[in-house]
Amino acid sequence: MSNIQFVIASLLAGSLAGTGCAHQEATPEGLEAEQARQERRFRPPEDPRYAIPPGRKRALTIFLDSQTFEYREDDRVFASGPISSGSPQHPTPAGNFRVLSKEEDKRSGKYTNYFDQNTPMPYSLQFYGPYFIHEGWLPGHADSHGCVRLKYEDAKLLFSRVKVGDPVTVKRQGRARPANPFGDGYPFPIF
């Protein structure tokens with residue numbers, strides 16, 4: 001028997017020895033343990049930004065022409081990314097605002113979806129009258145009825161960190177800088 005055949009036979013024998021007979025009764029405990037293993041295996045890694053203590057000074061800036069946002073904590077860019085703001089028929093107002101309210105599971109009181117139900121606006125941050133920053137579809141251009149839509153991950157992160165009263169600036173021009181939530185000790189942007 002060659003060395004390769006010996007190694008393969010050893011591995012095969014070892015794997016069979018651990019399994020017992022081919023037929024095993026499934027127990028509720030065994031199924032629960034297997035399900036827990038599967039969930040751990042396929043669970044996406046936790047976003048490390050959630051572990052960073054919140055900054056004392058927070059500010060959110062929306063850039064309409066570049067369709068980007070920049071969220072800062074203590075003068076470092078903590079998060080940035082794409083948005084979809086109001087279409088030319090329904091423009092997002094520019095100016096200096098503050099977060100007026102937060103609602104995790106908000107639904108629009110004015111607009112409905114394809115199923116004639118009030119449109120979901122998850123992780124909503126109200127910043128001016130009926131205008132909100134929330135999770136939504138990003139087609140790559142200004143397309144909303146005036147709200148600012150974010151990717152799911154960005155909306156959830158901002159909702160967890162932004163407080164009522166924090167400043168929101170909506171600018172017509174500009175571009176968000178790359179985020180580096182870990183500060184200058186990290187030599188390159190992470191997100």
* List F127, F132, F97, F182 from most exposed to least, where exposure is judged by having the fewest other Cβ atoms within 10 Å. => F182, F97, F132, F127
* Please get the size of the charge dipole for segment 55-171, origin at its Cα centre, with Cβ charges of +1 on Lys and Arg and -1 on Asp and Glu, quoted in debye to the nearest 20. => 340 debye
* For segment 120-169, state what percent of all Cα-Cα pairs lands in each successive 5 Å bin, counting from 0 Å until the bin that includes the largest distance. => 4, 22, 32, 26, 13, 3
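Given 25 °C and 0.890 mPa s, how large is the Stokes-Einstein diffusion coefficient of segment 55-171 in µm²/s, with Rh as the Kirkwood radius over Cα pairs? Write out the running numbers ahead of the final one.
Working: Rh = 14.0 Å.
Translational diffusion coefficient: 176 µm²/s.
All of the numbers you see were taken from the coordinates with simple rules; none came from a lab. Worth saying up front: this structure is predicted, and the values here are computed from it rather than measured. Virtual Cβ from ideal backbone geometry, glycine too; neighbours counted across all protein chains shown.
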